[in-house]
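To start, the structure under review is shown below, and the notes come after it.
The values are calculated or read from the model by the stated rules, or taken from the named source; none is laboratory data. On a predicted model such as this, the values are computed, not experimentally measured, just so you know. Here Cβ is always computed from backbone atoms with ideal geometry, including for glycine, and neighbour counts include all displayed protein chains. Just the protein is used for accessible areas: all its heavy atoms, side chains included, with ligands, DNA and RNA removed. Shrake-Rupley method; radii C 1.70, N 1.55, O 1.52, S 1.80 Å.
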Amino acid sequence: MNMKVTVEEVSPSKRALLIELSTERVASRREDTLRELSRSLQVPGFRKGKVPREVILRRFRAELDEELLRELIPASYQEALAETSLEPVGQPAVEDVHLQAGEPLRYKALIDVKPAIALSDYKGIGLEREKIEITDPEVEKALEYLREDAAEYVPMEGWPALRDDLIILDYEGTIQGKPFKGSSGKNATAAVGRGSILPGFDEQLLGLQKGDRKQFSLAVPSDFPRKDLAGRTAEFSIVVREVKKRRVPELNDEFAKTVGDVETLAALKDQLKERLRTRKLQEQDAALKRTLLQKLAASHEFELPEAMVEQETATVLDELAMSLRMGGGRVEGLPDSPEAIRAKAREVAARRVKESLLLDAVAAQEGLTVSEEELQAETAAMAAAYRQSEEAIQRLLEDPARRAGLTARLRERKAADLLFQQATITDAYRLITPA
């Protein structure tokens, strides 16, 4: 036996692997490493590949030991995992390394693992469903959305641009006489009152007609996301090519036939009412599932693997950074200090990790698996959502880590659906007290 492994339980989510490699294995690998070094080393006074062994050991012992550890530790760590059947959820922390000539190599590898979870009372979790009501104002609002969506822009000769009109224009902008990124355009479109191009730009278009020319200055706000423009003054010259009026269709049976594949406006309203009901039911189901997971988490206490929490914290912070970019540097409810932001991200991450571990435990308890057909269906759904070909998504999933991650997410989703199906859902009743 050229390796000995002992496992110590440091905590429910942490193990220490005490690994010892035999003197013979270390010596054999040392000789191989020494030969490899001797072929590549260049030492003054010796030809390449002809440096004596004693010289290498005397002058390059540190480099030799470093290379030896770089080869032996990763390989023996993987062997130890296979021997012990442990599945770490992060990278190991290697410490207490002992390497001396003529002695075994000893080191400790600390790893995080998923804790054993004793599931209890996860079936029949109580939930309350509110009554879904669709009001007439909601239907009218949905009708207005359809009207707005069906609106057309019609060219108007001799008509001044008003709010919500569409202007086709050429423009050139400069700051201190020099153009900047995005400062010019030909046949560009600007919706008056919609904040296009730069803040305040479209306000300068009010009242202009086809063929008009205009020059104006624009003070860019100091908090504008583009730092190269924030707080500066831009000079613009524009030529109006066309003014288009927004024409919204009337609400009548003809409109209903166009947008709803129905014969009457009344039938369209009924159709919208059912769509709203379906959407509200889906939103309610999603909210009930979140409540279910919160209740499940509240009834189970266990130690979370630190590596998983740290990885998920990084993911939450990446999501926040993306939200900041998309929101122009603003996110509602974001804490002021970096420390508070990270603390909040870690809180969210810990909740996600706990729920994920619980769903994984439920999936194992119930024997849930993910079939190849289910993976293929999810691949098709992802391709449609990201507007990519299924082949492109399939190529991404050739990476074993990505494929394993998707499989785990689908398995957790099946566990959540099972818990929801087995939940005890009752109608919520609200007492009406007399005024």
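Things worth noting here:
- So I197, is it touching a residue at least 60 places away in the same chain (Cβ under 8 Å) and either in contact with a helix residue (DSSP H, G or I) (Cβ under 7 Å, 6 or more places away or on another chain) or of a type in the set (A, V, I, L, M, F, W, C) (or both): no
- Listed by first and then second residue, the pairs linking a residue in the range 169-183 that is aliphatic (A, V, I, L, M) and assigned to a strand (DSSP E or B) to a residue that is open to solvent by 100 Å² or more (accessible area, probe 1.4 Å) and at pLDDT 90 or above, with Cβ atoms under 7 Å apart and 6 or more places separating them unless they lie on different chains, are L169/R241.
- Given (1) in contact (Cβ under 8 Å) with a residue 40 or more places away in the chain; (2) under 30 Å from E235 (Cα atoms), number of the condition R106 does not satisfy: (2)
- Among residues of the range 194-236, those that are open to solvent by less than 50 Å² (accessible area, probe 1.4 Å) and either touching an Asp or Glu at 6+ places or on another chain (Cβ under 6 Å) or of a type in the set (V, I, T) (or both), counted: 2
- Sole residue being out of contact with any Cys (no Cβ under 8 Å at 6 or more places or on another chain) and over 14 Å from R241 (Cα atoms), chosen from I167, I197: I197
- A single entry from A142, A191 fulfils the requirement of being closer than 25 Å to V248 by Cα, open to solvent by less than 90 Å² (accessible area, probe 1.4 Å), at pLDDT 90 or above and touching a helix residue (DSSP H, G or I) at 6+ places or on another chain (Cβ under 8 Å): A142.
- Residue in the range 395-402 that is part of a loop (DSSP other than H, G, I, E, B), surrounded by 15 or more Cβ atoms within 10 Å (Cβ to Cβ) and under 19 Å from the mean Cα position of the chain (by Cα) present: yes
- Residue in the range 114-125 that is charged (D, E, K, R), more than 30 Å from V220 (Cβ to Cβ) and open to solvent by less than 70 Å² (accessible area, probe 1.4 Å) present: no
- Applying the criterion of being over 17 Å from A230 (Cβ atoms) and touching an Asp or Glu at 6+ places or on another chain (Cβ under 7 Å) to the residues of the range 168-184, the residue that is surrounded by the most Cβ atoms within 10 Å (Cβ to Cβ) is I168.
- Beta carbons closer than 6 Å, at least 6 apart along the sequence or on distinct chains, pair a first residue in the range 241-253 that is farther than 18 Å from D170 by Cα and open to solvent by 50 Å² or more (accessible area, probe 1.4 Å) with a second that is charged (D, E, K, R) and modelled with pLDDT under 90 for R246/D164; R247/E152.
- Picking from residues in the range 254-264 that are in a helix (DSSP H, G or I) and in contact with a helix residue (DSSP H, G or I) (Cβ under 6 Å, 6 or more places away or on another chain), the one that is most open to solvent (accessible area, probe 1.4 Å) is V259.
- Filtered residues of the range 195-229 (kept if hydrophobic (A, V, I, L, M, F, W, C), part of a loop (DSSP other than H, G, I, E, B) and over 14 Å from T174 (Cα atoms)): L206, L208, F224
- Taking the conditions (1) touching a Ser or Thr at 6+ places or on another chain (Cβ under 7 Å); (2) over 30 Å from G158 (Cβ atoms) in turn, E235 satisfies each one other than (2).
- Inspection of the range 139-150 finds no residue satisfying the criterion of being outside any loop (DSSP other than H, G, I, E, B), within 31 Å of the chain's Cα centre (by Cα) and closer than 30 Å to S299 by Cα.
- Reported count of residues in the range 348-394, each being over 17 Å from the mean Cα position of the chain (by Cα), within 30 Å of F302 (Cβ to Cβ) and either open to solvent by 80 Å² or more (accessible area, probe 1.4 Å) or free of Cβ contacts under 8 Å to residues at least 24 places away in the same chain (or both), is 5.
- Residue check for A345: at pLDDT 95 or above, out of contact with any strand residue (DSSP E or B) (no Cβ under 6 Å at 6 or more places or on another chain), in a helix (DSSP H, G or I) and not β-branched (V, I, T): no
- When the range 276-333 is filtered for residues that are hydrophobic (A, V, I, L, M, F, W, C), over 30 Å from P225 (Cβ atoms) and not in a helix (DSSP H, G or I), the ones remaining, listed by number, are F302, L304.
- Every residue from the range 115-138 that is aliphatic (A, V, I, L, M) and part of a loop (DSSP other than H, G, I, E, B): A116, I117, A118, L119, I125, I132, I134
- Matching residues, the range 288-324, being of a type in the set (S, T, N, Q) and out of contact with any strand residue (DSSP E or B) (no Cβ under 8 Å at 6 or more places or on another chain): Q294, S299, Q311, T313, T315, S323
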